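The values are calculated or read from the model by the stated rules, or taken from the named source; none is laboratory data. Predicted model only: the values in this text are computed from it and were never measured. Note: ideal-geometry Cβ built from the backbone for every residue, glycine included; neighbour counts use all protein chains shown. Ligands, DNA and RNA are stripped out before the accessible areas are found, and what is left, the full protein with its side chains, is counted by its heavy atoms. Shrake-Rupley method; radii C 1.70, N 1.55, O 1.52, S 1.80 Å.
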Amino acid sequence: DGQLRRLAARGGVVGVNQTRFLVKEKDAALEDLLAHVLYVEKYAGPGVAGLGLDLARPYMEALPRPHAVWRGWDPREEDLLPDYGALEQLTAAMLDAGLGREAVKGVLGGNFQRFLRGALP
């Protein structure tokens, strides 16, 4: 919580990742991802949470397949969101949880845009 508050005080953004094992150790669901976003919003304040949505499946499928890494592993199981279309469900869940429209826009990319505009010449 202290790190979140210090990051917020400096105008930073926290990328909330949707990779299953980063959201919850087992049986992660959309509600768990929402809980992470709401936690950052609560402890760091509005304007700090952003989504880090590097979907694992397309990324891992683009890499060469070393046998030791790929044996018994299905990259489709790493992504909590099946594709970017699932952002509609997450957006609705954030609104239903009480985040305002501007806060939701921030989480969906506006907070990173604000940060980058301020950090880049």
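For this structure, a couple of remarks:
- Filtered by the rule that a residue be farther than 13 Å from T19 by Cα and either modelled with pLDDT under 65 or part of a helix (DSSP H, G or I) (or both), region 45-64 gives E61, A62.
- In region 65-95, of all residues being of a type in the set (D, E, K, R) and under 26 Å from L34 (Cα atoms), the one that is modelled with the highest pLDDT corresponds to E88.
- For region 1-54, a tally of residues being over 21 Å from Q89 (Cα atoms) and of a type in the set (G, A, S) returns 7.
- Hey, Q113 of a type outside the set (G, A, S), within 22 Å of L7 (Cα to Cα), modelled with pLDDT of 95 or more and in a helix (DSSP H, G or I) or not: yes
- Among the residues of region 6-30, those that are surrounded by fewer than 13 Cβ atoms within 10 Å (Cβ to Cβ) and among the charged types (D, E, K, R) comprise R6, R10, E25, K26, D27.
- Meets criteria (open to solvent by 30 Å² or more (accessible area, probe 1.4 Å), touching an Asp or Glu at 6+ places or on another chain (Cβ under 6 Å) and at pLDDT below 95) for K42: no
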